[in-house]
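Written out below as structure tokens is the structure these notes cover.
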Amino acid sequence: MIYHKALLLKILIAEDDPSSRLLLKTTLEKWEHDVVATSDGRAAWEVLEQDEAPSLAILDWMMPGFDGVELCRRIREAPALRRMYVILLTAKSNKDDIVIGLQSGADDYIIKPFYREELRARMNVGVRVVELQEDLAKRVRDLEIALSNVNQLQGLLPICSYCKKIRDDSNYWQQVENYIGSHSEARFSHSVCPECYEVHIEPQINKLRSELGNRAK
């Protein structure tokens, strides 16, 4: 069977049954994930409140402290945790119960006792979602940096009326292209506009032609 090449994640397990908790932890660690296992909802919430919280959580529905549904609600209400992928682990197979679990904020569910290959398949879905979210977050950061670079060129720039040099914050005058190049990712290729060609270049060409004509006589 072919599996998605999974991103290795930090995963939270909240399961009060010792046998199920050990089985989950051992299985996920065999798949090379970093696993934090807790035995009740309150301990799980304490883990989630720490810095660098797990990216994915597998929560038992029925357990002491906060149950899985309550934990889902708390996760979705916490700005820092809203992107976390949550799988609800439950012995409840009634459709109405499953709807309640998903409405609480769970992304997926697994019926206990779980089938190992089903767990792996659903885990891979969660991993792909986390990967996409991390990639999107990186793109947003890159965009913010790019916008920050652009913003550096906004506002009032002191420019010489004659030579068109720009004064920087250190009171140093430099060419426009040097200033923009040091404040953004812009790079320049030089050319000559028609007006400057007529004023500056064409007279030089005519002068050169005249000199060459005189030498030829």
Expected output for region 64-81 (first residue modelled with pLDDT of 90 or more, partner hydroxyl-bearing (S, T, Y), Cβ below 6 Å, 6+ apart or cross-chain) is V69/S104; C72/S104; R73/S104
Residues of region 33-72 being of a type in the set (D, E, K, R), under 19 Å from I110 (Cβ atoms) and assigned to a helix (DSSP H, G or I), which ones? E70
Determine the pairs where a residue that is without any contact (Cβ under 8 Å) to a residue 60 or more places away in the chain, located within region 93-113, has a partner that is of a type in the set (S, T, Y) and surrounded by fewer than 16 Cβ atoms within 10 Å (Cβ to Cβ) with Cβ atoms under 8 Å apart, the partner being 6 or more residues away or on another chain. I111/S93
Filter result (touching a Pro at 6+ places or on another chain (Cβ under 7 Å) and surrounded by 18 or more Cβ atoms within 10 Å (Cβ to Cβ)) within region 10-39: I11, L12, V36
In region 122-133, the residues that are surrounded by 14 or more Cβ atoms within 10 Å (Cβ to Cβ) and farther than 15 Å from I11 by Cα: Q133
Residues (within 9 Å of the chain's Cα centre (by Cα) and either modelled with pLDDT of 90 or more or of a type in the set (S, T, N, Q) (or both)) located in region 114-155: Q133
Given the condition at pLDDT below 90, in the same structural domain as V130 (by TED's automatic domain parsing), under 20 Å from M123 (Cβ atoms) and under 30 Å from the mean Cα position of the chain (by Cα), answer yes or no: does some residue in region 92-101 qualify? yes
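The values are calculated or read from the model by the stated rules, or taken from the named source; none is laboratory data. The model shown is predicted, which means the values in this text are computed figures rather than measured ones. Don't worry about glycine lacking a Cβ; one is built from the backbone with ideal geometry, like all the others, and counts go over all protein chains shown.
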